[in-house]
1. On the basis of being of a type in the set (A, V, I, L, M) and assigned by the TED database to the domain that holds residue 26, does residue 112 make the cut?
2. Restricting to the stretch 1-60, count the residues that are aliphatic (A, V, I, L, M), modelled with pLDDT of 90 or more and not in a loop (DSSP other than H, G, I, E, B).
3. Just the residues that are more than 11 Å from the chain's Cα centre (by Cα) and either among the charged types (D, E, K, R) or closer than 16 Å to residue 497 by Cα (or both), please, taken from the stretch 542-562.
4. What pairs come out if I take residues in the stretch 5-30 that are assigned by the TED database to the domain that holds residue 67 and of a type in the set (S, T, N, Q) and pair them with residues that are loosely packed, with under 15 Cβ neighbours inside 10 Å and in a loop (DSSP other than H, G, I, E, B) whose C-beta lies under 8 Å away, six or more apart or interchain?
5. Residue check: is residue 122 outside the structural domain of residue 222 (by the TED database), touching a helix residue (DSSP H, G or I) at 6+ places or on another chain (Cβ under 9 Å) and part of a strand (DSSP E or B)?
6. Kindly indicate which of 73, 82, 91 is open to solvent by 40 Å² or more (accessible area, probe 1.4 Å) and closer than 25 Å to residue 631 by Cα.
7. Answer with yes or no whether residue 207 is of a type in the set (A, V, I, L, M, F, W, C), free of Cβ contacts under 8 Å to residues at least 60 places away in the same chain, under 24 Å from residue 241 (Cβ atoms) and outside any strand (DSSP E or B).
8. Does at least one position in the stretch 406-427 carry a residue that is over 18 Å from residue 480 (Cα atoms), over 42 Å from the mean Cα position of the chain (by Cα) and small (Gly, Ala, Ser)?
Amino acid sequence: MGFKFNGITSQSMELATRQTAENRMPDFTNNTITVPGREGVFDFGETIGERKIEISCFIPPGKSDEDFLARKDEIIAWLNPDIGLCPLILDKEPGRVYQARLEGGFSFDKAVRNSCTFDLTFLCPDPYAYAENDETYEITDTGEHTVSRSLGNADSLPVYSVVADLAKGKSTIITTNGSSLQINGVLTESEILVIDSSLMTAKVTDADGNTLRNGLPLLESLNFPALKVDDNTVKVEADSTTQVTVQTLNSQDKFTGQVPSSWGADGLWRFNESAPDSEYYLADSSGNDRKAYINNWSGTTASLQTGHLGRSFRMNINNPSTEQSYLKVSNDGTIFANIGKTLVVGGWFMPTTYSVGNTFCPLLNTRYGSGNPIFYLSLHSGKPRLMLYNSSGTLILDKDYTPSITLTNGQWYFLAAVIRPDDKVAQYVLGSRSSGEVWISDETSYSGELNRSCTADLIWGMHADSYWFAGNFDDWFLDCDSSLTADDIALWFQESLSANAADSTADVDGLTASDTVTLKATDSVYATSGYLTTAAVEYGITGKCYAAVSADTPTGTSVVLETSTSDDLSTWSDWATPDSVGLIQSDSAKYIRFRVTLATTDSSVTPTVRNITISTPGESAFKKLTIQARSRWR
């Protein structure tokens, strides 16, 4: 039997050696407590003490006196305890290394001429033997991994070397066999965090191993990892260095609930003016300058009233037959010039008893002016009616619908007709603002060809100078070549109901400046605070998701973002504030909406909300984990 100490073998020293006792189980201290009056003791385990390894050595004869003395000097220098702990490898335990030094002195006992024996006792403060060629593992992806130790017979205290790009506020969590160790930034990608479980310490080094700083402040807690023999589960989680934007709310309709501007390619009448122009026209927001003329503005109840979408046009409240107010858009021959696969027209209306109770009540028709009509949207005994015409002015569809929604005096409703000329089908979508209910009719087939060459005018609230609408119109649109479906419109209706930036009762303003929201000003004095609630948008993200609001916040102003989620656009979770890095705290669900609290301490300035973004983690902050197992034997 031989041994190697500090890199030098006993054989190279020409020693014969033997180990008569194999101290495989070092002495240990029992941790017990005696309680007076109680038999026995309380057992709290044991603490392993140091290991001692005894080796007998023999210098064989045959050397001269000078060589014999030189050999003893060499042995003394080789085993000098001043060197400190050195690797000790026993031939009987190949592949295992103890850290040892001599426990005490020894004597050379003469055997025959120029030969002697001596006994060595090595002290191993750490009683474990460690693998000479240690097991090393490398993990480069987040997720759960299996680390299998094949060496040793005891739990080991590994060294973890972590490479991650952790900015302030970012973290990586390494969970070993259910025990988590959280690492918080700052740590750059060019640095290595070395975590030594045996020494219970951590340091940050560069790629060459030079110590840069103490690594303990990066650890959330001193929960150092340990590895079992055989299989170990190591799970790596990490924040991302970047985020991928999956949705941005930055359009006026998401803040106000108005019909999206893209729906009104051929006409969009918001009715948000405080008064018509000098010639009694109301603006067309589509960019086509198809202004709506008010017939009998003066001397009637015609007005522009504030409401949930800013303003709406109100008419014929006292006596429709004498007031005879209506809206007209003159057709220059181009309104219906580009009819595609789908024509969509509709908007909001609030009927009065007169409108709901009459047998015939016009909403929007094209049976006025030169040319033959194309459609007529009306109420028939309080129920939606749709009429379509061919180029000769002959009816090709006349359909009364019975929706699940009952129209009631003084309530707001949204109505849209979806017409597909190529497929020769049409249907209605009806929504109630008060209940949130939305109804989609079955598709109605018709024969004949729709009048694609219609040059008639658009008329709201009147037919044949005999039938009148009494109530309000708001946010009407026309798109002759739309990609919308009835389902699209119904979903938009439900999603839009929560948006409030156009509501006249709110303390926020989403109408004055396009695609932004501020606090509402009265005589140049801003409200001290207000809530913006957005339209709902599709969500459904099950993993980490972040929300952020982009806003201008002059001194004295602030914005705070909250989220709420729903699976049915009806029942919503409580409002929840994202955490310090923007991580959404609301439960995952199909839909999400946002609430932003705008505030100012100076009534002359306001925060300005520009957009709200939803993002998911991009590139992981975690780059690599190298595990030196430090496998060991007891």
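1. Here the answer is yes, as residue 112 does meet what is asked.
2. Qualifying residue count for the region: 6.
3. 552, 562
4. Hits for this filter: 17/1; 19/1; 19/92; 29/49.
5. Working: outside the structural domain of residue 222 (by the TED database): yes; touching a helix residue (DSSP H, G or I) at 6+ places or on another chain (Cβ under 9 Å): no; part of a strand (DSSP E or B): yes.
No.
6. Within the list 73, 82, 91, the selection yields 91.
7. So residue 207 fits the description; yes.
8. Taking every residue of the stretch 406-427 in turn, none turns out to be over 18 Å from residue 480 (Cα atoms), over 42 Å from the mean Cα position of the chain (by Cα) and small (Gly, Ala, Ser).
The values are calculated or read from the model by the stated rules, or taken from the named source; none is laboratory data. If you're wondering where the values come from, they're calculated on a predicted model, not measured in any experiment. With ideal geometry, Cβ positions are generated from the backbone for all residues, glycine too; neighbour counts draw on all protein chains shown. Remember, those area values only see protein heavy atoms, side chains included, never the ligands or the DNA or RNA. Shrake-Rupley method; radii C 1.70, N 1.55, O 1.52, S 1.80 Å.
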